[in-house]
Amino acid sequence: MSDIIQLLPDHVANQIAAGEVVQRPASVVKELLENAIDAGATNIKLLLKDAGKTLIQVIDDGKGMSTTDARMSFERHATSKIQKAEDLFNLNTKGFRGEALASIAAIAHVELKTKPQGEELGTQIKIAGSKIISQDFISTGKGTSIAVKNLFYNIPARRNFLKSDTIETRHIIDEFQRVALAHPSIAFLLHHNNNEVYHLKTSNLRKRIVAVFGVKMNEKLVPINEHTDILSIEGFVAKPEFSKRKRGEQFFFVNDRFIKSSYLNHAVVNAFDGLLEQGSHPSYFLYLTVPTSSIDINIHPTKTEIKFDNEKALYAMLRATVKHSLGQYNVAPVLDFNRDSNLDTPYNFKSSSKTASVPTISVDPDFNPFKETVQKEISFPYKREKQTESWESLYTSAAVTEQEKQSELFENQQEIKTQKTFQIQRKYVLSSIKSGVVLINQSLAHQRILYEQFLESITVKEANSQQLLFPVKISFSSAEIEMIYTIKTELENAGFSFDEFTKDSVTIKGIPVSVTESKITIILEELLNDINLEVPDASFSHFDVMAKSFAKTLSIKTGTLLSEKEQESLVNDLFSCKEPTVSPFGKSIFKTLTLNEIDNLFNH
Ligand code: ADP
Ligand code: MG
């Protein structure tokens, strides 16, 4: 049999390689912009026609190329950026594979003009389908201009495969934004069909982000800053209330290179945990700097995925840093809770619940404002004085008290007390605020309060623990015991103390102050359940799951009657939370109704 294997001609090999590097006009944009940056440009222009299908031109003021280099730049594996394999592990440039220009020249009409500083004449090369068409000396400015015309002209299948101009333009703008965000000190210009789309001046990070995404972005940004030996993190995350229904403004840059990483994304989203509404995505612009030797960029032709040496440590640090910043900048919206007394109810309710007495079932003498409520819940049903709930009684009661108020006014002013909150259907608490009213879901509000309390006591300060008079022995399966044992330290941080572990039981001698004895079993069971449901990621503490779980189990539920005092402390505690707007599970806690909105209800 005769030999049948032969080497592919260069232009065919280039075309095949091009398939990897150039998927669409946006890929060309990325490669050309990166080359300009690698050349040290401080001004970069991108000109497009027809979503890049007709023309993509990048003009830079970088270092330019000599005539020989200009010619060489179109050869496959021709690069000035690395020389030996080891250099791959110490990359400081965007490019290094030396295949972008060769690939692009294989599938388009390319016109290169370039001149290094100090030369009198520059070089112009025209090339199409990997064939040099012309080479001339020309007079041109310092730097390089590369025009890529009629992309995929010789591969109709690929050309037909391109999407509408709108979609291809979107892809290009995505690439452009990534590069522009990674290099705020470089000025960029983007024109499409002779219209100016972006004109970005040299600036700093914050201003660049705002210039790219619009002035509204400015107020949304929370700065992030952390520097350690293995990692520096800088940049911004957008406050949770500005999170998006769609993933969008999510940017990671590693050593100034935009990268995609679902792993790191997970770390950030995790740091927002409990602050985001379900199904919404946080915006972020995070710039990581790591030693070049600790990453491998060479795993993907478009270089948007990279491998880190110590992924887990990065994850932990990223998560902690973002979480910290969110906390520090107290991302909660400012709600005006200085009540305007004019808008407060004039009704002088005699506290109708003042005499409700609570059966004591706990040996715990310590007091927590909400524990009382928790106990009440356990001790249902119990008798309370009749609550005025129907509108008729509200009316009568109001009429009476209005009179009372008048007379009292002259006698004993201290007696006058206006109720500031109302409970509705044992589910909501209505409270008057300066701008109108706020309607709060009591159970979700309490979840948020407990969640933050637990999180703080577990992570920041010594948790308050109460010693039980008689240690409690609780039975569990051995798998459950195993699990409790592995999170023992965290549970201790939360305020638990343990006496003895056996194969199927644990003896508990101390519990967090906000927990009652009767609830120990259920909260531990719920916790184990929740931990099992979490993404298994053993490298992370269960603090957050724990705080959520406890909050969920211990919060007052719908159906619990709250005294006026309890309602008030619920409102006050909620609004001293870092993030009063959403429950730890992402549900809206309250809605406000402004006076205007109320007025509108009657303006028909
Ligand atoms: P790589 O960027 O991986 O080195 P490319 O094919 O993108 O490969 O470019 C090949 C070479 O051409 C580069 O290494 C660089 O020396 C030169 N080059 C490309 N674009 C420019 C530019 N805009 N300015 C100066 N030199 C450039
Ligand atoms: Mg390149």
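What follows is calculated from the coordinates using simple rules that are stated; it is not laboratory data. Computed from a predicted structure; not experimentally measured. Quick reminder, even Gly has a Cβ in these numbers, built from the backbone with ideal geometry, and neighbours come from all protein chains shown.
Here are some notes:
- Lys, Arg +1 and Asp, Glu -1 on Cβ, resulting dipole of region 206-328 about Cα centre, debye, nearest 20: 500
- Above-threshold pairs, the threshold being 28 Å between Cα atoms, out of 163/312; 207/244; 473/587; 84/312; 45/81; 63/260: 163/312; 473/587; 84/312; 63/260
- Length available on full extension from residue 69 to residue 262: 0.36 nm per residue minus the Cα-Cα distance, which gives 65.6 nm.
- Solution diffusion estimate, µm²/s, Stokes-Einstein, region 436-590, Kirkwood Rh from C-alpha pairs, 4 °C, viscosity 1.567 mPa s: 79
- Relative to the current alpha-carbon distance between residue 529 and residue 133, full extension at 0.36 nm per residue lengthens the span by 135.6 nm.
- Compared with the alpha-carbon gap, the fully stretched path from residue 154 to residue 13 is longer by 49.3 nm at 0.36 nm per residue.
- Dipole of region 476-604 [Lys/Arg +1, Asp/Glu -1 at C-beta], most positive-end residue of 501, 572, 527: 572
- Projecting the Cα atoms of 230, 268, 292 onto the charge dipole of region 206-328 (Cβ charges, centred on the Cα centre) puts 268 farthest toward the positive pole.
- Column: log10 I(q)/I(0), Debye, Cα scatterers of region 125-276, q = 0.12, 0.14, 0.15 Å⁻¹: -0.74, -0.93, -1.01
- Note on region 439-592: with charges restricted to the Cβ of Lys and Arg (+1) and Asp and Glu (-1), its dipole about the Cα centre is near 380 debye.
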